[in-house]
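Structure, as structure tokens:
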Amino acid sequence: MTDQDQKRAGAILEIDLEAVAENWRRLSAKLAAGASCAGVVKADGYGLGAAKVGRALAKAGCRLFFVATLGEGIALRRALPEVEIAVLNGLLPGTESDFAAYRLMPVLNDLGQIANWKRFTPGLPAMVQIDTGMARLGLPTAEVARLEASPELLAGFPLRAVMSHLACSDERDHDLNARQLATFEALRKKLPPAAASLAASSGIFLGSAYHFDFVRPGAALYGVNPTPDDLNPMVQVVHLKGKIIQTREIDRDSTVGYGATHRMDEPGRIATVAVGYADGWLRSASNRGGFALLSGHKLPIIGRISMDLMTLDATGLDPALCHPGAFVELIGENGVDAVGATAGTIGYEVLTSLGRRYHRVYKGEPMSDEPA
Ligand SMILES: *Cc1c(COP(=O)(O)O)cnc(C)c1O
């Protein structure tokens with residue numbers, strides 16, 4: 001980054017693509033023999049840039065990618081000409097020719113989608129999702145029974161995989177995990193033989209019975225802890241540094257910010273940082289115990305988060321350290337999960353809310369002329 005970029009930026013978002021690749025390798029190393037690791041890059045790679053993340057994963061060896069929408073699939077195909085791309089949200093009416101033109105695989109979620117795929121794009125591969133307990137997407141049990149009774153409904157295209165999705169895999173002891181596993185085992189036997197997939201990030205840590213032929217992690221690739229009750233086995237990917245743009249001394253009993261929600265017990269010092277809720281630093285994180293780091297010092301985030309700014313309690317900090325132009329660390333080794341907790345949400349939402357105003361710096365980006 002040039003000096004000029006440093007001067008212009010109110011905040012710098014560093015995304016470590018080498019860490020994404022390392023997380024993919026760590027997850028791959030956990031898998032049962034014969035199982036492989038796909039990469040989920042929906043929602044623009046969980047806010048980090050699907051094309052860049054996708055290229056880094058492909059370079060690490062990932063060959064199968066999942067996006068949510070057709071538009072995301074088309075964009076990813078432009079970045080990654082060679083890999084397999086599946087579209088989780090399924091086949092919406094009238095989109096068959098796009099799937100064919102961009103060599104995308106729909107995840108077929110009901111009998112109507114299966115019929116349309118067969119009819120409009122004969123011979124092209126697709127996946128089928130069955131619902132084992134999410135009640136969100138995928139064929140309900142009754143439709144799986146219809147396919148068992150009438151196998152010709154699935155004839156006419158290669159069944160790339162049968163998949164389902166776990167509802168509670170981040171709660172290791174939740175009884176729905178084993179029930180979904182049993183339901184998945186039973187239902188997939190009613191369909192023609194095909195590769196199978198059940199686990200996303202957290203499901204990988206439920207053990208090899210959940211791995212099947214491939215797993216579909218997203219969040220863990222980006223540093224979210226897939227085992228919330230244990231230490232995070234993943235590497236941090238995101239670092240966010242916000243710039244202090246003003247500091248001030250304030251008196252005892254002064255209030256800070258909109259709504260005067262924070263009152264100073266003692267005289268103190270405030271540092272104002274150029275990151276607010278318009279940058280995805282959620283307003284619900286106001287007065288919830290969040291903090292920023294400056295050279296190892298913890299600066300509590302106090303008062304309301306506003307659109308473009310937040311205020312830190314910098315009382316007692318050396319002005320030589322804490323001054324306009326200095327950067328504080330907002331996301332670092334604390335990780336996105338801790339930041340989410342102070343906003344009453346999860347690391348996933350912190351990532352996908354990361355703002356568009358940050359100056360983005362990618363570390364470890366594969367050269368664009370290297371084969372993916
Ligand atoms: C989002 C999603 C994933 C990835 O989930 P993570 O928890 O981010 O690993 C996998 N499969 C399906 C069907 C999804 O919707």
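The values are calculated or read from the model by the stated rules, or taken from the named source; none is laboratory data. The shown structure was predicted, so the numbers you read here are calculated from the model rather than taken from an experiment. A quick note on method: Cβ atoms are made from the backbone with ideal geometry, for glycine too, and the neighbour counts reach across all protein chains shown. Surface accessibility is based on the protein's heavy atoms, side chains included, excluding ligands, DNA and RNA. Shrake-Rupley method; radii C 1.70, N 1.55, O 1.52, S 1.80 Å.
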Taking the stretch 171-196 only, how many residues are within 21 Å of Arg160 (Cβ to Cβ), open to solvent by 70 Å² or more (accessible area, probe 1.4 Å) and in a helix (DSSP H, G or I)? 1
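Regarding Val87, is this residue within 22 Å of Ala219 (Cβ to Cβ) and of a type in the set (A, V, I, L, M)?
For Val87, the condition - within 22 Å of Ala219 (Cβ to Cβ) and of a type in the set (A, V, I, L, M) - is met.
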Would you please name the residue that is nearest to the ligand (Cβ to nearest atom), looking only at residues in the stretch 154-168 that are of a type in the set (Gly, Ala, Ser) and open to solvent by 20 Å² or more (accessible area, probe 1.4 Å)? Ala167
Could you identify the single residue in Arg283, Arg252, Arg269, Arg248 that is open to solvent by 70 Å² or more (accessible area, probe 1.4 Å) and touching a Pro at 6+ places or on another chain (Cβ under 9 Å)? Arg252
Would you tally the residues in the stretch 50-72 being within 26 Å of Val336 (Cα to Cα) and either free of Cβ contacts under 8 Å to residues at least 24 places away in the same chain or open to solvent by less than 10 Å² (accessible area, probe 1.4 Å) (or both)? 9
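Taking the stretch 288-314 only, how many residues are of a type in the set (S, T, N, Q) and within 27 Å of the chain's Cα centre (by Cα)? Walk me through it before giving the result.
From the stretch 288-314, those of a type in the set (S, T, N, Q) are 295, 306, 311; that's our starting set.
From what's left, within 27 Å of the chain's Cα centre (by Cα): 306.
So the count comes out to 1.
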In a loop (DSSP other than H, G, I, E, B), more than 25 Å from the chain's Cα centre (by Cα) and among the acidic types (Asp, Glu): does that describe Glu266? yes
Which condition does Asn225 not pass, out of (1) over 30 Å from Glu152 (Cα atoms); (2) open to solvent by less than 10 Å² (accessible area, probe 1.4 Å), if it passes all the others? (2)
Go through (1) of a type outside the set (Ser, Thr, Tyr); (2) open to solvent by 40 Å² or more (accessible area, probe 1.4 Å); (3) touching a strand residue (DSSP E or B) at 6+ places or on another chain (Cβ under 9 Å) for Val41 and report which single condition fails. (2)
Flag for Gly344 being farther than 18 Å from Lys241 by Cβ and either in a loop (DSSP other than H, G, I, E, B) or free of Cβ contacts under 8 Å to residues at least 24 places away in the same chain (or both): yes
Report the residue count in the stretch 236-262 for those that are of a type outside the set (D, E, K, R) and part of a loop (DSSP other than H, G, I, E, B). 5
For Asn287, which of the numbered conditions (1) of a type outside the set (Asp, Glu); (2) part of a loop (DSSP other than H, G, I, E, B); (3) more than 30 Å from Pro228 (Cβ to Cβ) fails to hold? (3)
Filter the stretch 199-235 for residues that are outside any loop (DSSP other than H, G, I, E, B) and not aliphatic (A, V, I, L, M); the one that is farthest from the ligand (Cβ to nearest atom) is Ser208
Determine whether Gly123 is open to solvent by less than 60 Å² (accessible area, probe 1.4 Å), within 16 Å of the ligand (Cβ to nearest atom) and not in a helix (DSSP H, G or I). no
